[in-house]
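In what follows, a structure is listed as structure tokens, so that the remarks can point back to it.
The values are calculated or read from the model by the stated rules, or taken from the named source; none is laboratory data. Here the structure is a predicted model, which is why all the values come from computation and not from measurement. Note: ideal-geometry Cβ built from the backbone for every residue, glycine included; neighbour counts use all protein chains shown.
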Amino acid sequence: MIATRDAYGEALAKLGEENDNIVVLDADLSGSTKTSLFAKKFPERFFNMGIAEANMIGTAAGLAAAGKIPFASTFAIFAVGRAWEQVRQSVAYPKANVKIVATHSGITVGEDGGSHQSVEDIAIMRAVPNMTVIVPADGIETALAVKAAADFKGPVYVRLGRNKVPTIFDDTYKFEIGKGVMLRPGTDITFIGTGLMTAQALVAADLLQAEGISARVIHIATIKPLDEEIILAAARETGAIVTAEEHSIIGGLGGAVSELLSEKCPTKLKRVGIKDRFGLSGKGDELLKYFGLLPENLVEAAKEILAEK
Amino acid sequence: MNETVATLQKKARKLRVDIIKTLHRSKSGHTGGSLSVIDLVTTLYYHKMRHNPADPKWAGRDRFVLSKGHAAPAQYVALADCGYFPAEDLGMLRQLGSHLQGHPDSKGTPGVEVCTGSLGQGLSMANGMALALRLDKSNSRVYAILGDGELQEGQIWEALMAACHYRLDNLCIMIDANGLQIDGEVAKVMNVEPIPEKLRAFGCNVIEIDGHDISQIISALDAAETVKGQPTAIVARTVKGKGVSFFENKASYHGVTPSDEELPRALECLGEDCNGGEK
């Protein structure tokens with residue numbers, strides 16, 4: 001178990017050793033986003049911009065225009081919400097080589113409450129042209145995604161979380177931007193998960209297995225560009241899809257998969273996620289239960305859809 | 001010095017003519033602010049900045065950011081005249097298929113460093129470039145031109161805080177203070193004065209000049225280069241529509257282009273005869 005933000009902090013500090021061009025910006029949350037690890041090692045390449053996210057993103061764009069590879073970090077709600085137009089105009093429109101790595105996404109921010117829980121950031125970033133959107137599932141994938149983002153030329157949004165999550169990948173895992181991965185074969189139904197919900201989908205598949213239902217599990221880290229092939233194959237081969245994300249059911253993974261399947265392979269589908277509402281204060285685990293993001297909720301959705309099939 | 005000033009004045013006059021002709025052709029674009037800023041732009045491109053039109057990405061170049069991106073025609077005519085792209089391209093300003101977008105776009109136009117035009121964002125990008133140049137131990141400088149109305153955007157003040165906090169002495173901010181914005185006088189829409197005092201309070205070295213007096217512009221830019229440990233902000237008092245008497249100081253010419261009827265009169269004001277030559 002490791003929080004993706006911790007994996008990010010370590011990976012970034014390591015990347016800093018390998019590449020002098022990497023610079024890091026934060027908006028007074030470096031202790032929380034874990035960019036503080038990079039800051040400690042490379043103080044001359046770290047810029048704390050204070051509580052001013054719009055300026056942070058614009059400054060990152062300027063650093064990129066002069067040849068640097070900036071990583072700009074803060075909580076997802078501020079990186080995407082407060083600084084949205086700077087992300088659009090100063091980063092995405094010119095295709096600036098800026099990496100926006102946002103932590104504390106989704107409801108598992110917990111106690112800070114709905115004001116700090118971004119449930120719509122995937123939808124917003126996905127709608128912006130030129131933007132690549134990555135939501136890693138665990139620490140291992142986070143480290144690989146951060147490296148891949150640094151090597152990729154262009155704007156990237158990486159969505160990370162606050163709390164420890166189970167490790168589902170091992171050292172043999174090869175991460176590639178734009179590629180989904182089948183974690184478990186299955187023939188009756190497919191769970192498509194992203195971020196921390198992929199681990200929940202794996203548990204749900206186990207629960208279904210005990211009842212004789214064969215569930216495939218696909219992990220989609222890159223929400224944009226979407227790996228259409230792996231999703232279409234799952235739709236054709238299992239005929240039923242349940243998407244799972246710690247995000248609104250509007251416009252995120254569920255939205256992206258629905259759009260794809262509606263056009264290319266209409267399939268019975270259910271979206272598990274936050275049902276068009278804001279978050280609440282509470283412990284992360286309590287909130288996952290409250291908002292219906294546990295394995296049993298996925299099992300329930302699967303059974304509903306299988307009953308219709 | 002006097003010879004330099006005279007040459008630059010002549011160039012600025014030529015570029016004003018180019019702006020008028022370009023905007024008359026495109027029938028869309030921002031006339032007033034392009035004319036108010038052109039003396040600053042001319043002095044930068046033809047006197048102060050180190051740049052190479054044959055190699056727009058030359059590492060040793062100074063960087064220019066037109067944060068008030070709606071004055072793009074002023075930058076475009078200078079870039080074309082310098083040879084960054086053929087002058088014929090100006091005829092395609094704002095047309096489908098042209099690299100000359102309504103607001104500066106670094107993806108398509110040689111010599112444009114970043115995308116600007118959504119007001120308030122250019123100074124942050126200029127700061128980023130200045131930080132990068134300092135990390136690279138480059139002696140290149142960054143010049144950012146802002147509008148006075150643009151100072152109403154909160155991000156500008158975030159960026160000013162950061163420029164002073166990081167002691168960006170390789171950054172020179174220029175405010176094209178023409179006193180007008182779309183809805184009228186800046187002072188009446190949302191007063192931003194006293195600009196020099198505010199910039200000083202943030203930590204800038206402030207120089208206030210007549211933004212149409214080339215020798216004052218040169219002196220201010222020279223002085224800016226000698227200041228260490230803080231950015232310099234040149235508050236250039238200008239006249240919107242400068243050079244075409246019936247455009248001057250009129251907010252209504254913010255986003256309006258010269259009509260067929262106005263074109264010859266505008267060129268006349270700029271000392272052009274009917275055949276397009278200099279009188």
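Below are the figures for this structure:
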{"item": "Subset tally (residues that are of a type in the set (Val, Ile, Thr) and within 18 Å of B:Gln155 (Cα to Cα)) for segment A:78-107", "result": "3"}
{"item": "Within segment A:254-272, considering residues that are in contact (Cβ under 8 Å) with a residue 40 or more places away in the chain and in contact with a Leu (Cβ under 9 Å, 6 or more places away or on another chain), the one surrounded by the fewest Cβ atoms within 10 Å (Cβ to Cβ)", "result": "A:Lys268"}
{"item": "All strands (runs of 3 or more DSSP E) inside segment A:21-111 with 2 or more residues being within 12 Å of chain B (Cβ to nearest Cβ) and of a type in the set (A, V, I, L, M, F, W, C)", "result": "A:22-26, A:46-48, A:69-75"}
{"item": "Top-ranked residue in segment B:161-187 [being in contact with a helix residue (DSSP H, G or I) (Cβ under 8 Å, 6 or more places away or on another chain) and at the interface with chain A (Cβ under 9 Å from one of its Cβ atoms); ranked as nearest to B:Asn249 (Cα to Cα)]", "result": "B:Met161"}
{"item": "Any hit, segment A:205-213, residues being surrounded by 19 or more Cβ atoms within 10 Å (Cβ to Cβ), touching a strand residue (DSSP E or B) at 6+ places or on another chain (Cβ under 6 Å) and in a helix (DSSP H, G or I)", "result": "yes"}
{"item": "From the options B:Val65, B:Val41, B:Val37, residue that is aliphatic (A, V, I, L, M) and within 14 Å of chain A (Cβ to nearest Cβ)", "result": "B:Val65"}
{"item": "Single match in A:Glu237, A:Glu246 (criterion: at pLDDT 95 or above and surrounded by 21 or more Cβ atoms within 10 Å (Cβ to Cβ))", "result": "A:Glu246"}
{"item": "Exclusive hit being at negative phi, part of a strand (DSSP E or B) and either under 21 Å from the mean Cα position of the chain (by Cα) or crowded, with 17+ Cβ neighbours inside 10 Å (or both), set B:Ile217, B:Ile209", "result": "B:Ile209"}
{"item": "Filter result for A:Gly186 (over 25 Å from A:Arg5 (Cβ atoms) and either in contact (Cβ under 8 Å) with a residue 12 or more places away in the chain or outside the structural domain of A:Ala240 (by TED's automatic domain parsing) (or both))", "result": "yes"}
{"item": "Selection count, segment B:85-140, where residues are assigned to a loop (DSSP other than H, G, I, E, B), small (Gly, Ala, Ser) and within 14 Å of another protein chain (Cβ to nearest Cβ)", "result": "9"}
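Conditions (1) of a type in the set (Val, Ile, Thr); (2) out of contact with any Pro (no Cβ under 7 Å at 6 or more places or on another chain), marked per residue:
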{"position": "B:Pro110", "(1), (2)": "no, no"}
{"position": "B:Val114", "(1), (2)": "yes, no"}
{"position": "B:Asp136", "(1), (2)": "no, yes"}
{"position": "B:Leu151", "(1), (2)": "no, yes"}
{"position": "B:Gln155", "(1), (2)": "no, yes"}
{"position": "B:Glu158", "(1), (2)": "no, yes"}
{"position": "B:Ala162", "(1), (2)": "no, yes"}
{"position": "B:Ile173", "(1), (2)": "yes, no"}
{"position": "B:Ala177", "(1), (2)": "no, yes"}
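Yes/no per residue for (1) among the acidic types (Asp, Glu); (2) touching a strand residue (DSSP E or B) at 6+ places or on another chain (Cβ under 8 Å); (3) over 30 Å from B:Pro56 (Cα atoms); (4) modelled with pLDDT of 95 or more:
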| site | (1), (2), (3), (4) |
| --- | --- |
| A:Pro43 | no, no, yes, yes |
| A:Phe47 | no, yes, no, yes |
| A:Asn55 | no, no, no, yes |
| A:Ala60 | no, yes, no, yes |
| A:Ala64 | no, yes, no, yes |
